[in-house]
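> Here it is, the structure, as structure tokens.
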Amino acid sequence: MYASPDEEGYEQTKQQRYNLVGKQLSIYKEDQIHWSIWLYKDIGFQGMVYTNPDSAYMRLLKPFLNKKKRLGVDPWGRNDTNVKHIWEPILQHLKEEIPEEFHGKRYPFHLGLEKQINRVVRDMLMSELLTYEYASYFENKTLEELDEIAASFKLENCLKRDGLNKILQDDAAEL
């Protein structure tokens, strides 16, 4: 949801997305729609708090997380810069070969062919295969090292997403 600090135009993109959340909440309030934030804590995509980039977990997993980003396997915050030249021809070929009347036959029906292909091949198959590599980062770690890695997720060790939290606090104060 939020831009990565290593992306061009990071601050501007982040502010635009904060503004969008603020507008979205004003619409919810106006129409009396109840809502809940999806993530409270994560590793930097969209949580109200997130793991410190200098934490043991993030230092350990940095090469792996960079690989996932290069492959574009996470549907949230996906960036296809490094794989566009691979995916576009595959998607185009499948669109041409699979009759259009069958594009919406697979559940969930509303996704359409391109999102279904991404969901099955990238979000599921590739991500599942990467779980073995992810697990390998924890092999041969001592109990003390594992405790330090896990401590990366303690609230007191996390960073706050101040811009988002201000919007959420302002919205809650208006109730």
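None of the figures in this text is laboratory data; all of them are computed from the coordinates on show. Since the structure is predicted, the reported quantities are computational estimates derived from the model, not experimental observations. FYI the Cβ positions are ideal-geometry reconstructions off the backbone, even for glycines, and counts take in every protein chain you see.
> Work out, in µm²/s and without decimals, the Stokes-Einstein translational diffusion coefficient of the chain at 20 °C, 1.002 mPa s, Rh from Kirkwood over C-alpha pairs.
Estimated via Stokes-Einstein, D reaches 112 µm²/s.
> Along the Cα-to-C-beta direction of SER136, a point sits 7 Å from the Cα; which residues of the range 54-70 have their amide N less than 19 Å from that point?
Of the residues in the range 54-70, 58-70 have backbone N under 19 Å from the label point off SER136.
> Separation between the LEU20 and ASP170 pseudo-spin-labels, each 7 Å from Cα along Cα→Cβ, expressed in nm?
Going from the LEU20 label point to the ASP170 one covers 1.8 nm.
> For ASN19, what is the net charge nearby, where nearby means another residue's Cβ is under 14 Å from its Cβ and Lys, Arg count +1, Asp, Glu -1?
Combined, the nearby Lys, Arg, Asp and Glu give +1.
> Give the residue list of chymotrypsin sites (Phe, Trp or Tyr not before Pro) in the range 27-133 that are DSSP loop and have at most 14 other beta-carbon atoms within 10 angstrom.
TRP35, TRP38, TYR40, PHE45, TRP76
> Holding the Cα-Cα limit at 20 Å, pick out from LYS41/LYS154; LYS41/LYS166; LYS68/LYS95; LYS14/LYS41; LYS68/LYS115; LYS23/LYS166 the pairs that are longer than that. Numbers along the way, then the final one.
Working: LYS41/LYS154 10 Å; LYS41/LYS166 16 Å; LYS68/LYS95 26 Å; LYS14/LYS41 18 Å; LYS68/LYS115 18 Å; LYS23/LYS166 14 Å.
Violating the 20 Å limit, Cα to Cα: LYS68/LYS95.
> While we're looking at this one, here's another question. Given the options GLN15, GLN46, GLN92, which has the most mean-square fluctuation in a GNM of the chain, springs set between C-alpha atoms less than 10 angstrom apart?
GLN92
> Continuing with the same structure: Please rank SER136, SER127, fewest neighbouring Cβ atoms within 10 Å first, as an exposure proxy.
Ranked by crowding around the Cβ, least crowded first: SER136, SER127.
> So what J values fall out for the range 76-82 if you push phi through Karplus, 6.51 cos²θ - 1.76 cosθ + 1.60 with θ = phi - 60°, rounded to Hz, Gly and Pro as x?
So the J values, rounded to whole Hz, are 8, x, 4, 10, 8, 3, 8.
> Highest GNM mean-square fluctuation, the chain, Cα pairs closer than 10 Å: which of LEU113, LEU130, LEU143?
LEU143
> For the range 56-151, just say rounded, prolate or oblate: build the C-alpha gyration tensor, square-root its eigenvalues into a ≥ b ≥ c, call rounded for a/c under 1.5, and beyond that prolate if a/b exceeds b/c, oblate if not.
Prolate, since a/c reaches 1.5 and a/b exceeds b/c.
> Using a Förster distance of 41 angstrom, determine the FRET efficiency expected from the C-beta separation of VAL120 and TRP35, and round it to 0.05. Don't jump to the answer; show the numbers that get you there.
Values: r = 29 Å, r/R0 = 0.72.
That pair, VAL120 with TRP35, gives E of 0.90.
> Here's something else I'd like to know. Would you please name the trypsin sites (Lys or Arg not before Pro) within the range 5-105 that are DSSP coil residues with at most 14 other C-beta atoms within 10 Å of their C-beta?
Sparse-neighbourhood loop trypsin sites (Lys or Arg not before Pro): LYS105.
> While we're on this one: Looking at the range 108-157, which GluC sites (Glu not before Pro) are DSSP coil and have at most 16 other C-beta atoms within 10 Å of their C-beta?
Here the sparse-neighbourhood loop sites are GLU139.
> Simple spin-label model, 7 Å along Cα-to-Cβ: ARG78 to HIS103 in nm?
Going from the ARG78 label point to the HIS103 one covers 1.6 nm.
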